[in-house]
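First comes the structure, then the notes that go with it.
No lab work stands behind these numbers, since they all come straight from the coordinates. Computed from a predicted model, the values in this text were never measured in an experiment. Reconstructed Cβ throughout: ideal geometry from the backbone, glycine too, with neighbour counts over all protein chains shown.
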């Protein structure tokens, strides 16, 4: 193999490929990137067996061929070279890197041992605008569980049952987010996708980074239990879907409430941040002491002290009875970071039942937090 490639293009794609490699002692080739030269392009592939990436880029191919080389070392070399053209020459299981005044030799592994990586996406799929998809993912990713003991909660549930909408759901067992996206007018091929799949959080984070400026297509390969994202130009990202039964989230969503409050998002966020000063060293608990027209957001710590912040609210509906209810302040802090409106609607059934949080300007967004039972 002998090719001439642009340093800037190569280093950009290697930086992404390196995130898909892994240093498993049993499979050292997974720490490598596969370089394949054909016709007038080279293809870079990397995989950790759970997710994979494939990039194609234009280059001058003098001699076709392929090789796998350590991704980290290759990236460190290329990223420190000057802008301009690099010459890559593979002989047997060695890669020579040349630039004016510089040469290096990297020991690789035979490309025949590299796992299969999807480089051509399925024809059928659903298209998304990159920026719009990122916004959707940001609205649900913060609720995904990091507990590996419950893998079905380590991703986002995509529901394609309705041909007019896609439903995105995430939960960690203590909070739940549901986001509904209407796609009737945007996707002529929406009926090509159906059913429910759980896509790992790590995959969606990568999709947000890689396709943020581009339109991309989401496709399924059901027989391999794979989901594929592609920009239709040079990049194909594939990932295993998470197998298992996602919890029946509809049972968790409150059907009615006794009290509905509307509070200023900024005032509420300030109160939560102040309460966190004491709560973070004391079980992360903050308490809402709800009165007739206002409430006090309280927290205390047996060692450092306590605090109380008063905020006013608009009582949309419900009785004027007083109530105390407690939450993990981290959950409220995460929620407020994705609320776009100037206000927040809170629907409460009881101090011990799931509480519904709504963004008045984003009707597609629903968030539920379980209160903390306190003495």
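Once you have the Kirkwood Rh of the stretch 1-64 from its Cα pairs, apply Stokes-Einstein at 20 °C and 1.002 mPa s and quote D in µm²/s. It comes out at roughly 176 µm²/s. Taking other C-beta atoms within 10 Å as the exposure proxy, 330, 367 rank 330, 367 from fewest upward. With neighbours defined as other Cβ atoms within 10 Å of a residue's Cβ, the residues 75, 102 order from fewest to most as 102, 75. Largest GNM mean-square fluctuation among 122, 351, 28, using the chain with Cα springs under 10 Å: 28. The equivalent ellipsoid of the chain has semi-axes of 49, 23, 17 Å, largest first, where each one is the square root of 5 times an eigenvalue of the Cα gyration tensor.
Can you tell me the 0 to 90 degree angle between the C-alpha axis of helix 130-141 and the longest principal axis of the chain, rounded to 10? Long axis of 130-141 versus the principal axis of the chain: about 50 degrees. Each label point was placed 7 Å from the Cα along the Cα-to-Cβ direction; for residue 283 and residue 352 their separation is 1.5 nm. Can you work out the FRET efficiency for the pair residue 116 and residue 363, with r the C-beta to C-beta distance and R0 = 45 Å, to the nearest 0.05? The value I calculate is 0.55.
Across 21, 43, 87, mean-square fluctuation computed from a Gaussian network of the chain (C-alpha pairs under 10 Å connected) peaks at 87. Between 133, 149, 31, the residue with the greatest mean-square fluctuation in the GNM of the chain (Cα pairs under 10 Å linked by springs) is 149. Here the sum of -39500 (n - 2.57) over DSSP H runs of 4 or more residues, divided by the residues of the chain, equals -5000 deg cm²/dmol at 222 nm, to the nearest 500.
Just how far, in whole angstrom, is the stretch 30-57 from the stretch 301-375 if you go by their alpha carbon centroids? Their Cα centres are 47 Å away from one another. From least to most packed, judged by other beta carbons within 10 angstrom and beginning with the fewest, 295, 126, 323 follow the order 323, 126, 295. The spacing between the stretch 117-146 and the stretch 80-114, judged by their C-alpha centroids, is 34 Å.
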